[in-house]
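The values are calculated or read from the model by the stated rules, or taken from the named source; none is laboratory data. Only a predicted model underlies this, so the values are computations on that prediction, with no experimental measurement involved. Cβ: placed from backbone, ideal geometry, glycine included. Neighbour counts: every protein chain shown.
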Amino acid sequence: MSRAKPEDDEYWNSSKFKAFTFDDDDDEFSRLKESKRAMNSILVVDDDDDDDEEEDGVERVSWSGEPVGSISWSVKETASSIRSGSERSFPKIDTTPSLSKQGSGYSLSSLFKGDLYDTAVRTYAPELRKPKSDGKTENTSLWSAFSLEKFRSLQDKLLLLDEAVAVYDGNLITAVLMYLKKSLSKEILFQELMARDVALRHYVHYLKEMGEQKLLVELMKALGRTEDMALMQYKEHLNIKDEGQRRDFLKSCLGLPFSQDDATHVQDHYTLLERQIIIEASDKKADAEIFKKFPRKASILNMPIITTLYYSCFYHYGESEGTYSSPANIRKTFRISEKQYILTALGARAKLKSWFDVDSLFNTKNWLGYTKKRSPVGFHRVVDILQKNSAPVNVLQEYVNLIDSPELKLSVALKYKCHDIVINTYRDLKDRQELVVYREKLERDSPEYRKIQELLNNVQIRWKN
Amino acid sequence: MAHTEWKDAPGLPDFSLLKRLARDQLIFLLEQLPGKKDLFIDADLMSPLDRIANVTILKFCLYTSSLKYTYFLFFFCRLCFLIRPRIQTVKWISDLVNADKVAGRFRRYKIIFTPQKFYACETVLEEQGVYGDVTTDEWNFYILPLDDDILSLELPEFFRDNFLEGDQRWVTTAGSALRLLQSVYGSFSKVYGIGRCAKMVYESWRELMEDGEQRTRQPEFAKVFLVDRDVDFVTPLCSQVVYEGLVDDLFRIKCGSVEFGPDVTSSDKSIKVMLNSQDKVFSEIRNEHFSNVFGFLSQKAKNLQTAYDKRRGMDIQQMKAFVADELKGLKQEHRLLSLHIGASESMMKKKTKQDFQELLKTEHSLLEGFEIRECITYIEEHINRQVSMIDSLRLLCLLSITENGLLSKDYRSLKAQYLQSYGIEHLLTFANLRQLGLLEEQQAGETLTVMESKVGKLVNDKTVGKLTDAFSSLAKKSNFRALSKRLALVPKSGEEYDLRVPRDMAYVFSGAYIPLSCKLIEQVLERDGWTGMEEVTRMLNGQEFAVTGGSSSSEARSKTDAQRIVLVMFLGGCTFSEISALRFLGKERGCRFIVVTTAITNSSRLLEALLDNSA
């Protein structure tokens, strides 16, 4: 793979640009030369006298106004590489089916050499670059019409584009695309881009950066990338500040050709904002006790669904399902899973320290009428959330006791200092040693301490150690 | 400690030269503008600039300000903008110029783009009718040396532009950076690489080299390795547990310096600290697994105490000598020690709060492909509880890459829950992640495996292998599991791993995983090419290369230090964990690695670059 690639004619014989062959008549060659010259003029603005480009003596002014031997450089290099293609210090990578580099290297790459050689010179010897002709460049536009306008035929334009792609320079690709955008009809440009993925992605990115939303949507449509188009249009909502307008915009998005899943999500988005606007309007002036006790810190607009659910569990708990702001309604509208609902409601009610509500979240009655606690999430998770909301020990203990696995129960109890549970567990395990150790961690004469003391003195327990 | 300098280490080239070159050019450019002027600096350039030219050098400009999109009071009639070539910024400047025109103010404007101009930016000036009023220039500031062995292009946008948008605007920039290194420090004898971008960068660099004057000086590096970030997404998505990586994850190291808040400094002030090899305490712990750091620091503290204690029983003369020679050093060390102890404490606190152990356990299970259902449940609860949006996304991506995409029903349900928890606009983020292959729904993949197993019963193993190959080449898959097996990235579970005495690069992830990127580098250097790794490269979607410089054959024979220095260029960013792993590898193999990266990255930066949830 590391062989130096000999100059081959493969590209010229096999590619669709057959017209451009070296052994063809001079006309083609001069066309190619022209393309090169034009590309050079992107960088070298001051090239009104192209004919003497092989002369070193003429001072050149680069893009930024610095004198460089850009053109002469490129030509010399090109000449030498034709003569002895294999004498390179580093070989080319043998790239698979991409465009042959020969044709492109011929004109475009050489243009770089000029430019970057310039760069190197400037970096290492800044004094070499005296901005003699500063004013001159300033008045000339970067790549004024005359430079690229010579490329009139579609074939020439595309050759230009393909050459830019072949030297991997995104900057150059974009420059050519900008020219094509000006000089080709949308339909033709889109059509040609379809077969040119690299160029296409540059074009899309350029349009995004320029904020040309409308054209972008047209392009996606022309390419048949309807889902991308839909998402691109949907993205616009982020730029709309006013919530009413945003809601209306989202509504207008509902008909876009999203994928089936995404369509549901966008529908949810619209419904959510619609609800939020209603809730916000009424809560802003609400004077219920809860709003006075815990004033709202921020508006609920544009918050995620779960945050909205939390908000509703916090401020609107117990409202009937008929109201938009009730937890039950939100849960149903957005198809929230039981697990998710329990976790959110638990957080909100624990924050308010309404332990009764917490209890009833988990209470289920069995057929005999006994209440039993059941949870779709592990009770250790429940304890975790309760603890983070600083639940008192007795509440914590109740839930720690519900943890199934004895090991997990013990470790959670240890973590949150639920002494009773720890002590009882050790007692059940008949682990005298651990009890003794645990006793040392407790305050002397605390009830727990005394409890261990009693247990240790109890002769009826048959300790295992 | 594992990573103190070893005796035989080859010396590293002096990279401060790069800073000097960049500074000289900047000063030259600024001096081109006569008179006093207001200088505006792109916010993103403030830190890098600070590292090469402290603000006193810019004093003659009198007024500097970082560029944010607001209007300023202007003192002078000459404005100079030092910016990255971004269309948005140029638009903003154009608006400003046009506003001046309307108000009848006459000023001169100059934009200095760094590291280079883009046509698109200049065209904006033209379109806005200010071309000519505004002149432009380039400051070719390609490389910022962050440390003795870390060089950064400071282009975080490289990642998104190149890999997500498919815009190759930075390819020549990377090529030019290599060209710069080569011009200053001599040529390389061998170049290896993997990835589409790596190939392009190499080509671009080669084009540049062919034409520049061939320097015949002794090379200072032997080998270069170019690697695309998208070759290995797993590594940057893992939680970092070596000290430097952890500091980066939690406090965000910016341009080699970090701001420690009041919780670390135990005062009411924040302190900005430079983190590099100059910091003697830091340089000893930066590559260590976090679990070793506490012990090390407390030992250090004890030693320090003893050193201080020497004062006791000293006579005046000795005391004088002590104060003159040692005290300053001790004080310095004292300051650094208390800082790093404070940082470690604060990190411990943060990590306990977020149940770090459980998180790590999940990550390790994913890497190992073990108890995936439990992992999914964990991720689900993570999402349900609205814990860190980025962490949830990170785990989802890790799950998808290691499992070659999610089962359709899992993908849908997790995506729906994610959108519920963090906002529906993340639809756009999911589209981005899907495009990059970071978070995908298994397409027909399940049926493939089913088919394989069915076919497997009918034909012998060899054929199945071939069939599998054919199938996997159909879809662009991450193939992580197979790669991991092939390259032995995940050590067998159950084996004790002594983190104090690391035995391989896996120590940077608690012995659970050897970074894929670093493993590739190790293998290629060992084999001096890709021979024998055909299957691996195929699973990585090919694009590998290895080339030898023709002209340097005579130099290659001269066995100098330089032959043991390897330059590794990460295109799209690299993490501190990877740097630590390479330092370890270098020590094992008796060579030194110099890391060139487009930017330092970590899981948060990587994913944040792909978010699309705000305007």
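With at the interface with chain B (Cβ under 10 Å from one of its Cβ atoms), at pLDDT 90 or above, in a helix (DSSP H, G or I) and more than 29 Å from B:Thr136 (Cα to Cα) as the only criterion, which of A:Glu218, A:Glu227 stands out? Let's see the steps before the verdict.
Numbers: A:Glu218 fails: at the interface with chain B (Cβ under 10 Å from one of its Cβ atoms).
Criteria check complete, one pass: A:Glu227.
The lone criterion from (1) under 30 Å from B:Arg481 (Cα atoms); (2) modelled with pLDDT of 90 or more left unmet by B:Asn276 is number (1). Scanning region B:257-304 for residues that are free of Cβ contacts under 8 Å to residues at least 60 places away in the same chain, buried (at least 17 other Cβ atoms within 10 Å of the Cβ) and under 24 Å from B:Thr352 (Cα atoms) yields B:Val258, B:Phe282, B:Phe290, B:Val293, B:Leu297. Just one residue in the set A:Leu396, A:Leu435, A:Leu410, A:Leu429 is surrounded by 14 or more Cβ atoms within 10 Å (Cβ to Cβ), over 21 Å from A:Asn465 (Cα atoms) and not aromatic (Phe, Trp, Tyr); that residue is A:Leu396.
Quick one: is A:His202 in contact with a Ser or Thr (Cβ under 7 Å, 6 or more places away or on another chain) and within 13 Å of chain B (Cβ to nearest Cβ)? So A:His202 fits the description; yes.
Exactly one residue out of B:Ile383, B:Ile401 is surrounded by 22 or more Cβ atoms within 10 Å (Cβ to Cβ) and more than 22 Å from the chain's Cα centre (by Cα), and it is B:Ile383. Of the set (1) within 14 Å of chain A (Cβ to nearest Cβ); (2) outside any loop (DSSP other than H, G, I, E, B), all apply to B:Gly166 but (2). Here A:Leu272 clears all of (1) over 24 Å from the mean Cα position of the chain (by Cα); (2) not in a loop (DSSP other than H, G, I, E, B) except the condition numbered (1). When region A:364-399 is limited to residues that are among the aromatic types (Phe, Trp, Tyr) and touching a Phe, Trp or Tyr at 6+ places or on another chain (Cβ under 6 Å), the one that is farthest from the other protein chains (Cβ to nearest Cβ) turns out to be A:Tyr399.
Can you tell me which of B:Arg229, B:Arg160, B:Arg179 is surrounded by 23 or more Cβ atoms within 10 Å (Cβ to Cβ) and touching a residue at least 40 places away in the same chain (Cβ under 8 Å)? Let's see the steps before the verdict.
Working: B:Arg160 fails: surrounded by 23 or more Cβ atoms within 10 Å (Cβ to Cβ); B:Arg179 fails: touching a residue at least 40 places away in the same chain (Cβ under 8 Å).
On inspection, the qualifying residue turns out to be B:Arg229.
Of all residues in region B:151-158, none are in contact with a helix residue (DSSP H, G or I) (Cβ under 8 Å, 6 or more places away or on another chain) and at the interface with chain A (Cβ under 10 Å from one of its Cβ atoms). If you go through region B:94-114 and pick out every residue that is outside any strand (DSSP E or B) and surrounded by 23 or more Cβ atoms within 10 Å (Cβ to Cβ), you end up with 1. A:Ala281 meets all of the listed conditions (1) more than 11 Å from chain B (Cβ to nearest Cβ); (2) hydrophobic (A, V, I, L, M, F, W, C); (3) touching a residue at least 60 places away in the same chain (Cβ under 8 Å) but one, namely (3). Has region A:323-332 got any residue that is in contact with a Phe, Trp or Tyr (Cβ under 6 Å, 6 or more places away or on another chain) and either over 30 Å from A:Ile240 (Cβ atoms) or not β-branched (Val, Ile, Thr) (or both)? Yes, region A:323-332 contains a residue that is in contact with a Phe, Trp or Tyr (Cβ under 6 Å, 6 or more places away or on another chain) and either over 30 Å from A:Ile240 (Cβ atoms) or not β-branched (Val, Ile, Thr) (or both). Scanning region B:531-551 finds one or more residues that are at pLDDT below 95, closer than 19 Å to B:Phe480 by Cα, more than 14 Å from chain A (Cβ to nearest Cβ) and touching a Lys or Arg at 6+ places or on another chain (Cβ under 6 Å).
Selection over region A:346-360 of residues that are in contact with a Phe, Trp or Tyr (Cβ under 8 Å, 6 or more places away or on another chain) and of a type in the set (A, V, I, L, M) gives a count of 2.
When you check B:Tyr119 against the structure, is it at pLDDT 90 or above, touching a Leu at 6+ places or on another chain (Cβ under 6 Å) and closer than 28 Å to B:Ala174 by Cα, yes or no? Lay out the reasoning, then the answer.
On the way: at pLDDT 90 or above: yes; touching a Leu at 6+ places or on another chain (Cβ under 6 Å): no; closer than 28 Å to B:Ala174 by Cα: yes.
Taking the combined requirement at face value, the residue does not satisfy it.
The C-beta contact set for region B:393-418 (first residue closer than 20 Å to B:Lys361 by Cβ and away from every other protein chain (no Cβ under 14 Å), second residue of a type in the set (Gly, Ala, Ser) and outside any helix (DSSP H, G or I), distance under 7 angstrom, 6+ apart or interchain) comprises B:Ile401/B:Ser478; B:Thr402/B:Gly369. Among the charged types (D, E, K, R) and over 25 Å from B:Ile52 (Cβ atoms): does that describe B:Asp279? It is false that B:Asp279 is among the charged types (D, E, K, R) and over 25 Å from B:Ile52 (Cβ atoms).
So which residues in region B:26-54 are within 14 Å of chain A (Cβ to nearest Cβ), part of a helix (DSSP H, G or I) and surrounded by fewer than 18 Cβ atoms within 10 Å (Cβ to Cβ), if there are any at all? Result: B:Ile27, B:Phe28, B:Glu31.
With respect to the conditions (1) within 25 Å of B:Trp139 (Cβ to Cβ); (2) modelled with pLDDT of 90 or more; (3) within 10 Å of another protein chain (Cβ to nearest Cβ), B:Gly256 falls short on a single one, namely (3).
Of the helices (runs of 4 or more DSSP H) lying entirely inside region A:330-432, those containing at least 3 residues that are under 24 Å from A:Glu319 (Cβ atoms) and charged (D, E, K, R) span A:338-351. Taken over region B:580-602, the criterion of being assigned to a helix (DSSP H, G or I) and surrounded by fewer than 24 Cβ atoms within 10 Å (Cβ to Cβ) is satisfied by B:Arg583, B:Phe584, B:Leu585, B:Gly586, B:Lys587, B:Glu588, B:Arg589. Can we say A:Leu435 is touching a residue at least 12 places away in the same chain (Cβ under 8 Å), over 25 Å from A:Gly378 (Cβ atoms) and assigned to a helix (DSSP H, G or I)? Against the criterion (touching a residue at least 12 places away in the same chain (Cβ under 8 Å), over 25 Å from A:Gly378 (Cβ atoms) and assigned to a helix (DSSP H, G or I)), A:Leu435 qualifies.
Looking at region A:258-278, which of the residues that are touching a residue at least 60 places away in the same chain (Cβ under 8 Å) and surrounded by fewer than 20 Cβ atoms within 10 Å (Cβ to Cβ) is nearest to the other protein chains (Cβ to nearest Cβ)? First the steps, then the outcome.
Applying the first criterion (touching a residue at least 60 places away in the same chain (Cβ under 8 Å)) to region A:258-278 yields A:268, A:271-272.
Next, from what is left, pick out any that are surrounded by fewer than 20 Cβ atoms within 10 Å (Cβ to Cβ): A:268, A:271.
Working: A:Asp268: 6, A:Thr271: 10 Å.
Among those that are touching a residue at least 60 places away in the same chain (Cβ under 8 Å) and surrounded by fewer than 20 Cβ atoms within 10 Å (Cβ to Cβ), it is A:Asp268.
Residues of region B:117-141 that are under 27 Å from B:Leu606 (Cβ atoms) and either free of Cβ contacts under 8 Å to residues at least 24 places away in the same chain or at the interface with chain A (Cβ under 8 Å from one of its Cβ atoms) (or both): B:Phe118, B:Ala120. Taking (1) closer than 17 Å to B:Lys37 by Cα; (2) part of a loop (DSSP other than H, G, I, E, B); (3) in contact with a Phe, Trp or Tyr (Cβ under 8 Å, 6 or more places away or on another chain) in turn, B:Lys117 satisfies each apart from (1).
Answer yes if at least one residue in region B:372-390 is away from chain A (no Cβ under 14 Å), part of a helix (DSSP H, G or I) and of a type in the set (A, V, I, L, M), and no otherwise. The answer is yes; a qualifying residue exists. Can we say A:Ser312 is in a helix (DSSP H, G or I), farther than 28 Å from B:His426 by Cα and among the small types (Gly, Ala, Ser)? No, not satisfied.
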